[in-house]
Amino acid sequence: MAASSSPRSMTTGILVEYYLLTAIALILVIARVWMRMAITGRNWGWDDYTIVIAWLCSVVGLVLIQLAANLGSNPLHPTPSDPGRLRNIRYNTFFEMASIVCTLVTKFSICCYILRIRDDRQIRWALVILMIPMTLITIAIIIVLSMSCTPLWSDSIPPVCVPVTGMYTAAYAQSALTIVVDLCLTSAPAIILWGIRIQRGRKVFICGLMSLGLIATISNALRSYWQHYQSSRGLSFNMTWLTVFCIVEQSAGIIAACIPACVPIFKRRTVSDDRRNGLLRDRQNYYDLSNQYSGQKKSSTQVSSMTTAAGEE
């Protein structure tokens, strides 16, 4: 019984969770890359670049958590005399930085994916208004974390850490803003697809896929709850639960961002049958909407209008 409740058992669980979610995210990222390169005619975009960067940030966090676990110090009862305490705090701080950067870049990827569905001035401005505060608060959090314990780079000088209660305001602001952005990005596809001639069931299906990001929103809320009980910069018991929900939040965001982009891999035959049966208008289904840029549509429209004008002359 004592072994099952030991601190190392929770560390092992965190590592298993992180490795598993990272592997699932990697599979979906690879599927997304293959879909872009092989199925949709090399239609590579910024949403694909940013989701790869987000996954790499998640891997950086995984490496930092593994390094912290390799220290072998007791995460529940860190003491000032523990030689691994400073490195433990350092790895945890850098993990938090990597986690919030991963979350931010994932949001950028989702915004770019939404612009594939509809790219006009209103949508662009709405996304800019959402992401500017999100970017600024992320930069602020990174600055706060970098100054939370000084010096953070030396193993020989004991660090002086500010009380974690002084960091609550910035952390809660970041969490609240992230939840607002998540809700807006989740509702955006439903608003965009409202006026498009697609079967209602398919609209619900697409919006349901995009709403998978709400898992990250729930994890964010739970992280904020446990953050209130954090009393140490080290890997205390409450800090381990913060780590659990940080991992779920960033991994769920990457997975949710990749699933809608990977749907064409499984739906190509269904879409072709629906076109032949006249259920969908040509080039007006979710496969085409989510995998070609609106800019390409605009250019083709401009070419056709110029051709018509030339014919009239």
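All of the numbers you see were taken from the coordinates with simple rules; none came from a lab. In this text, all values refer to a predicted model and were calculated from it rather than measured experimentally. Using ideal geometry, Cβ is built from the backbone for each residue, glycine included, and neighbour counts are taken over all protein chains shown.
Provide the packing ranking of 252-263, 136-147, 170-181, i.e. peptides ordered by the mean count of other C-beta atoms within 10 Å per residue, highest first.
252-263, 170-181, 136-147
Per-residue HN-Hα couplings for region 14-20, Karplus 6.51 cos²θ - 1.76 cosθ + 1.60 at θ = phi - 60°, whole Hz, x for Gly and Pro?
Those phi angles translate into 5, 5, 4, 4, 5, 4, 5 Hz.
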